[in-house]
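Student: Please find one structure pasted underneath; my questions will follow.
The values are calculated or read from the model by the stated rules, or taken from the named source; none is laboratory data. Just so we're clear, the structure is a prediction, and the values are computed from it rather than from any experiment. Here the Cβ positions follow ideal geometry from the backbone for every residue, glycine too, while neighbour counts run over all protein chains shown.
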């Protein structure tokens, strides 16, 4: 009798577990569609195919963002967030023409500059570590942004330690800077730190053009 009761209880638990698991299943159907990015057809492959669920077509976000020259920065610690970083169309892309390692190009885009309070301005932007001639998978990169007014007169600068950046990664940054930088007219990019090897000897000085 004890064996029967025990077996009955275990069977009920397994049955309830199966029912609970079944409620989390989604009924989806393969939906093969061609994806066009600015008129160009891109194939995602069979492993990353689109599917139909409740009359909506779903596609892998990783492939969508990659084909838009963007980058997904995920929260690896708890998998609760995804940050999609990409350079907006027709954005002003900054490069450091004096950066000696031009075979490892670095691009920066200023997204926004707005006043935080009477003393501080918030600067937000993106840094992209482009594929270069050498196979550096990851590099430590620090930059400085130099701001000028409409008369090419120096206003202020902003030091941005970006830390470790992977090749192909687009990294978001936000810095608080003293003063009002909301009315700047031009920005210069200065790469100050790259893999412990270069740019450390370069002395930066503001120059009015």
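Student: Looking only at the range 31-63, filter to residues that are modelled with pLDDT under 80 and part of a helix (DSSP H, G or I); which one of those is nearest to the chain's Cα centre (by Cα)?
Tutor: 48
Student: Tell me yes or no: at least one residue of the range 8-24 is at pLDDT 65 or above, surrounded by 11 or more Cβ atoms within 10 Å (Cβ to Cβ) and part of a loop (DSSP other than H, G, I, E, B). Walk me through how you get there before you give the answer.
Tutor: Our first condition is that a residue be at pLDDT 65 or above; within the range 8-24, this holds for 24.
Among the residues that remain, those that are also surrounded by 11 or more Cβ atoms within 10 Å (Cβ to Cβ) are: none.
No: zero hits.
Student: Okay, next question. Report yes if residue 176 is in contact with a strand residue (DSSP E or B) (Cβ under 9 Å, 6 or more places away or on another chain), outside any strand (DSSP E or B) and touching a residue at least 40 places away in the same chain (Cβ under 8 Å), otherwise no. Break it down into steps so the answer makes sense when it comes.
Tutor: On the way: in contact with a strand residue (DSSP E or B) (Cβ under 9 Å, 6 or more places away or on another chain): yes; outside any strand (DSSP E or B): no; touching a residue at least 40 places away in the same chain (Cβ under 8 Å): yes.
The answer is no for residue 176.
Student: Does the range 102-119 include one or more residues that are modelled with pLDDT under 85, surrounded by fewer than 15 Cβ atoms within 10 Å (Cβ to Cβ), under 24 Å from residue 168 (Cβ atoms) and assigned by TED's automatic domain parsing to the domain that holds residue 174? Steps first, please.
Tutor: Of the residues in the range 102-119, the ones modelled with pLDDT under 85 are 102-105.
With the extra rule that they be surrounded by fewer than 15 Cβ atoms within 10 Å (Cβ to Cβ), the set shrinks to 102-103.
Still in the list and also under 24 Å from residue 168 (Cβ atoms): 102-103.
Checking the rest, the ones that are also assigned by TED's automatic domain parsing to the domain that holds residue 174 come to 102-103.
Yes, there is a match, as at least one residue in the range 102-119 is modelled with pLDDT under 85, surrounded by fewer than 15 Cβ atoms within 10 Å (Cβ to Cβ), under 24 Å from residue 168 (Cβ atoms) and assigned by TED's automatic domain parsing to the domain that holds residue 174.
Student: Turning to a different aspect of this structure: Does residue 98 meet the test of being outside the structural domain of residue 171 (by TED's automatic domain parsing), within 21 Å of residue 165 (Cα to Cα), modelled with pLDDT under 85 and assigned to a loop (DSSP other than H, G, I, E, B)? Walk me through it before giving the result.
Tutor: Values: outside the structural domain of residue 171 (by TED's automatic domain parsing): no; within 21 Å of residue 165 (Cα to Cα): yes; modelled with pLDDT under 85: yes; assigned to a loop (DSSP other than H, G, I, E, B): yes.
Judged against the criteria, residue 98 is not a match.
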